[in-house]
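Structure first, then comments.
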Number of protein chains: 4
Amino acid sequence: MLEDLKAEVCEANRSLVDHGLVTLTWGNVSGICPQRRYVAIKPSGVAYAQLSPHHIVIVDLDGNVVDGDLLPSSDTPTHALLYKHFEGIGGITHTHSRYATAFAQARREIPCLGTTHADHFYGPVPLTRVLQKAEVEKNYEANTGAVIVERFAALDPLEVPAVLVAGHAPFAWGRSVQESIDNAVALEAVAEMALLTLGLDATGPELEEHVLQKHHRRKHGEGAYYGQK
Amino acid sequence: MLEDLKAEVCEANRSLVDHGLVTLTWGNVSGICPQRRYVAIKPSGVAYAQLSPHHIVIVDLDGNVVDGDLLPSSDTPTHALLYKHFEGIGGITHTHSRYATAFAQARREIPCLGTTHADHFYGPVPLTRVLQKAEVEKNYEANTGAVIVERFAALDPLEVPAVLVAGHAPFAWGRSVQESIDNAVALEAVAEMALLTLGLDATGPELEEHVLQKHHRRKHGEGAYYGQK
Amino acid sequence: MLEDLKAEVCEANRSLVDHGLVTLTWGNVSGICPQRRYVAIKPSGVAYAQLSPHHIVIVDLDGNVVDGDLLPSSDTPTHALLYKHFEGIGGITHTHSRYATAFAQARREIPCLGTTHADHFYGPVPLTRVLQKAEVEKNYEANTGAVIVERFAALDPLEVPAVLVAGHAPFAWGRSVQESIDNAVALEAVAEMALLTLGLDATGPELEEHVLQKHHRRKHGEGAYYGQK
Amino acid sequence: MLEDLKAEVCEANRSLVDHGLVTLTWGNVSGICPQRRYVAIKPSGVAYAQLSPHHIVIVDLDGNVVDGDLLPSSDTPTHALLYKHFEGIGGITHTHSRYATAFAQARREIPCLGTTHADHFYGPVPLTRVLQKAEVEKNYEANTGAVIVERFAALDPLEVPAVLVAGHAPFAWGRSVQESIDNAVALEAVAEMALLTLGLDATGPELEEHVLQKHHRRKHGEGAYYGQK
C-alpha cells in the first residue's frame, strides 16, 4: 500500500542524518498521499540507519494505523492535525535541530534579519504559546498540533512553512516531502545565522520590507524567476 | 573471560569518535557483568582506532585487574565506585565533550530548558562540589566517584543519568552500555542547546513542570509510549 | 564553446560543498574568459551534486545567455557588473556562508583583527549600503553589483577581494576562479575568528598597521615571499 | 637524507586536515633530527593533500636549506629559533586554528579553567607581546621566535608546550613531532572550552591549584600513572 510514498518518506527520514538535523532518534518526517486520506510516517524510536520502506507506518487523518507492523512516531497526532488544517502541504519534518530549538527554548521568534530568511520564510518564524496543564495531560500530541494551527490563524502556512513550539522544537513543512526537508534545513541555517547576528548586534536589525518582499517573490508565486522552469 | 562484554565495551569506546564526543584519548566507557562482580573498561591512553576487544581490561569492584594485559583507564576507581552505589546501572560513559565540559568548568548545573532535556534527564543535570586538597592527593579517582554519589543523595541516578564534576567534565550512565552512550550523546546535545538558549535569553526560561513530567513519562516508566514494545 | 572554462567553473561550484560554504543551492561561482567577453556561471537552482560542465551557462557582459540550455543563476547581473568594473578579476564566488552572512546581517564590516585577515584582505572587509526601494524593484541584481562597485570607489578590489552586501551575504573574487574560491574560504574563516574574538573582547583590538602591511606584503605584490616561485 | 624524518613530518602535516586544525595552507609542522642539526619542515604554500615526503625541506638551525627542491615554509626562521632555545623539543606545530587564534587576536591568555587544560598545559597558555615596527620590518619570522622565547624566560616549554602570538596565532610543540600535533589538538579543544565557559561565566572560575597539580602529575613526570608503561 502506497509503496512509493513509503519509499519517499523512508529516504527523507534517512536524509535527516546527512543534513545534520538529528541526534539519536529525535526527528521524524511524514508525507501525505495525493487524495489526502493517508499519511506515511516514521515508526517510533527506530534508528535512521536501520530504516527501510517496509518499516514506514501508514495512518489515517485521525492517526489510526491502517498499514504497518510497527508503532508510528509518538508525534503522529501532531502531523495528522497539521495535514487536516493546512491544506496545501504534502510533507512535514519535525526535528530538534540545535539552533532552531534554542530559539524555541528561549521562546523567541526568529526575526527576519536577511535575504536568506526572506527567500524561505515570509516574515518571522512564529512561536506557539506554551501548552496548558490540561492540554498536556490529555491528547498532548494532538494539542501540540492545535496550538500550531492556533498560531497560524492569521498566517499562510505556505508563506511561512515552519513554526517553533515553545519550550520544545521546530516543525517545518512544504508542498512535498522533499520541500519539508529543504525548509527544515533552511530553518536551521537561518536560526544559526540569526543567533550569530544577534551576538554581533543585540538589536537584530530587521531586513527592510522592500528587500523581504523582493526576495520572497524571486522564489515564490507568479513572478518567481529563481530556478529552472 | 566475559568475551561478549569486552566486545560490547570495545565497540562502545570506538563509537565515541563517531559521536564526536572525544578528542585524543579523553574518554572511556565501561560495562558491568550481569552478576555485578566484574567491570570491563578501556585501557589507559590507547587510541580508539587501535582498540580491539582483547585490549579491554576486566577489574573487580575494588578496581583490581583480574584479566587483561594492559593497565585500565586511570578513571577506573571512579567507575567502580559508581557501580557499587548505583545499583541499576549497567554502563558508564565518561567524556570531556565540549559543551557539557563548559558547564562543568563554569560550575553551573544544566537547567532543564526544553523537552529534549526532559526526555532524557528528569530535572537539571547536577554539579558536584570541588574535591578538597586531601581528597585530591589521596585516592583522587575514587573520591571523584564519592562526590558524585554524595551529590545523588536525594536523586535517582536512573532518572537523572548524568553528572558534571566541577572543574572537570561529565559522567553519564544507563541501564546498559549502549544506554550510557546514548545518555552521553543526549547530554552533549542538551548542553549545547542550553548554552545557545542562554545566549538568547540569559534568564534561561525553565520548562514548565507539567511539560517536564509529561515528556519524561512519555519515554520512561510504566506509562511510556515512545518507541516499539 | 569555452569547454575548459565550463569544466573549471563546474568543479569550483561543486567544491563549495566540500568547503562547507553552501546550504541547499545558496551559492554560485562564475569565471570570465581571457578576452573578457564571456562569463561561465552556474545554472539557477541546480543541486551541486548534479552539476556537470554541460550545465554551465555562458553569458555576455550584459548578462544575455549565449550558450547553454538552462537558465543562469538569478545573480548573473551582479556577476556581470562586477566583471565590467573590476578589471583584474577572473572569478567570483557568492555564498551565504554562516559567519560572513552574520556580519552582513548585523551590518558590520569585518575588522582586521589578526594576521590571518591581513594575509588575504588589506584592511576591513567592507559593507555596502542597503539598496533603496526603487533599486530593489527594478534591476535588483544589477543594482546589487552597482552598490558593490560604489563601495569600492576608493578601494582596490584585488587588495580587498570580498564585500558584504548589507542584509544579504558576501561576494568574494580573485584573479582566477580558484582564487575566488580561496578568498571565499578565507573570508568565512576570518569572519568566524572575528566573531569569536569579539566575544572575548567586544572592543575588537585591531591589528597594528605595521603587522597588517607586513603580512599582506608577504603574500602579495613584488616583494612577496610566501609560496613557491 | 633524513628520509624517516621527512616521512614523519609529511604525515604530520597531512594529519592537520583530519584534525580540523587548518584552512587552505595556514599551518606547518616541523621535526628536528636526534643530533639537533637539521630540521625537516613543510614547503611554503603547498596543499596538504598534494604533500609527499620528497617535498619536505631540510634546513639547518639558521634556516638555510640543505636539502630539497622547494622553498621551506615562510615561518621556518620561527621554528629554527625555537629549536635553538627550547632544548627538549622534537617537533613544532603552527596553525591558525579558530579558537586558539581568537584568544591570540583578543590578546588574552587562555586561563586554566579545567582538568582538560591541566592535563596538557601546566597553567595558562601564555601570550607574547606584539612585535614592534622594527622587529616586523626586518627578520620578522625570526623575531616572532624571539618574542616567544622572551615570553618563556620564566616558563618551562615542556610544562607549557604552546604559546599564543598576539594578533597572530598559536604555536605548539612537544618532545616529538606527534606530541606537537597532540598538543596543537589539545590547545584548540582547550581554547574552545575556555571560550564557551567564559560565555557562561565571564569571571572564568580558575581551576583550584591542587587539582591543577594533580592532573598534570597524573600525565607528566616521575609519578605519572596515565597511559601504558
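None of the figures in this text is laboratory data; all of them are computed from the coordinates on show. Every value quoted in this text rests on a predicted model; they were computed, and no experiment measured them. Note: ideal-geometry Cβ built from the backbone for every residue, glycine included; neighbour counts use all protein chains shown.
Structural remarks
- Spatially proximal lysines relative to B:Lys6 (Cα-Cα < 27 Å; intrachain offsets below 8 disregarded): B:Lys42, B:Lys84, D:Lys219, D:Lys229
- Per-residue average of Cβ from other chains inside 10 Å of B:209-222: 3
- Most mobile listed residue (D:Gly31, D:Gly91, D:Gly114) in chain D, GNM with C-alpha springs under 10 Å: D:Gly114
- Distance-filtered residues of region B:52-85 - backbone nitrogen under 15 Å, label point 7 angstrom along D:Gln228 Cα→Cβ: B:52-58, B:68-74
- Among A:5-12, A:153-160, B:92-99, the order from most to least packed when residues are scored by Cβ within 10 Å on average: B:92-99, A:5-12, A:153-160
- Label zone at A:Asp62, where the point sits 7 Å out along the Cα-to-Cβ direction: region A:101-142 residues whose backbone N lies under 20 Å: A:138-142
- Order of B:Glu3, C:Glu222 under a 10 Å beta carbon neighbour criterion, fewest first: C:Glu222, B:Glu3
- Copy-to-copy label distances for C:Pro53, where each label lies 7 Å from Cα along Cα-to-Cβ, are 3.6, 3.6, 5.1 nm in order of increasing length.
- Only helical runs count toward this figure. For chain A, summing -39,500 (n - 2.57) over DSSP H runs of n ≥ 4 and dividing by all residues gives -12500 deg cm²/dmol at 222 nm.
- Rounded if a/c under 1.5, otherwise prolate or oblate - region D:108-229, Cα gyration tensor axes: oblate
- GNM top mover of C:Ala162, C:Ala134, C:Ala184 - chain C, alpha-carbon springs below 10 Å: C:Ala134
- Three-way shape label, the protein assembly as shown, alpha-carbon gyration tensor, a/c 1.5: oblate
- Alpha-carbon centroid distance for the pair region B:17-39 / region C:70-92, whole angstrom: 54
- Average beta-carbon neighbours from other chains, 10 Å sphere, peptide D:87-99: 1
- Measuring from each Cβ of chain D to the axis carrying D onto C, the nearest residue and its distance in whole Å come out as D:Gly199, 5.
- Listed residues B:Lys84, B:Lys138, B:Lys42, most fluctuating in chain B (Gaussian network, C-alpha, under 10 Å): B:Lys138
- A simple spin-label model places the labels of A:Ser176 and C:Val17 1.8 nm from each other, with each point 7 Å out along Cα-to-Cβ.
- In terms of its C-alpha gyration tensor, region D:49-156 comes out prolate, because a/c is 1.5 or above and the ratio a/b outweighs b/c.
- Take B:Gly88, move 7 Å from Cα toward the beta carbon, and the resulting point lies 4.9, 4.9, 6.9 nm from the same point in each other copy, nearest first.
- Computed from label points 7 Å out along Cα-Cβ, the spacing between B:Lys219 and D:Glu159 is 4.5 nm.
- Average beta carbon contacts from partner chains per residue of C:102-112, 10 Å cutoff: 6
- Relative contact order for chain C, counting Cα pairs under 8 Å that sit 6 or more residues apart, in percent: 21
- Modelled FRET efficiency - R0 25 Å, B:Glu150 with B:Arg36, Cβ distances, 0.05 increments: 0.70
- Each of the peptides B:172-183, A:54-65, B:17-28, C:185-196 was scored by the mean count of other Cβ atoms within 10 Å over its residues; in descending order, highest first, they stand as C:185-196, B:172-183, B:17-28, A:54-65.
- Qualifying lysines (Cα of each under 18 Å from Cα of A:Lys133; at least 8 residues distant if same chain): B:Lys214
- Calculated P(r) tail over 22 Å for chain A, as whole % of Cα pairs: 50
- Centre separation in Å (Cα based) which lies between region A:152-229 and region A:108-126: 5
- Among beta bridges that DSSP assigns inside the protein assembly as shown, antiparallel share in %, nearest 5: 95
- Virtual paramagnetic centre 7 Å along Cα→Cβ of A:Ala49, amide N under 18 Å, in region B:2-28: B:7-22
- Structural descriptor for region B:40-173: relative contact order 27 percent, calculated from alpha carbon pairs under 8 angstrom and at least 6 residues apart.
- With neighbour counts taken as other beta-carbon atoms within 10 Å, the residues C:Tyr225, D:Tyr83 rank, fewest first, as C:Tyr225, D:Tyr83.
- Average Cα contact separation per residue, region A:150-229, under 8 Å, 6 or more apart, as relative contact order %: 13
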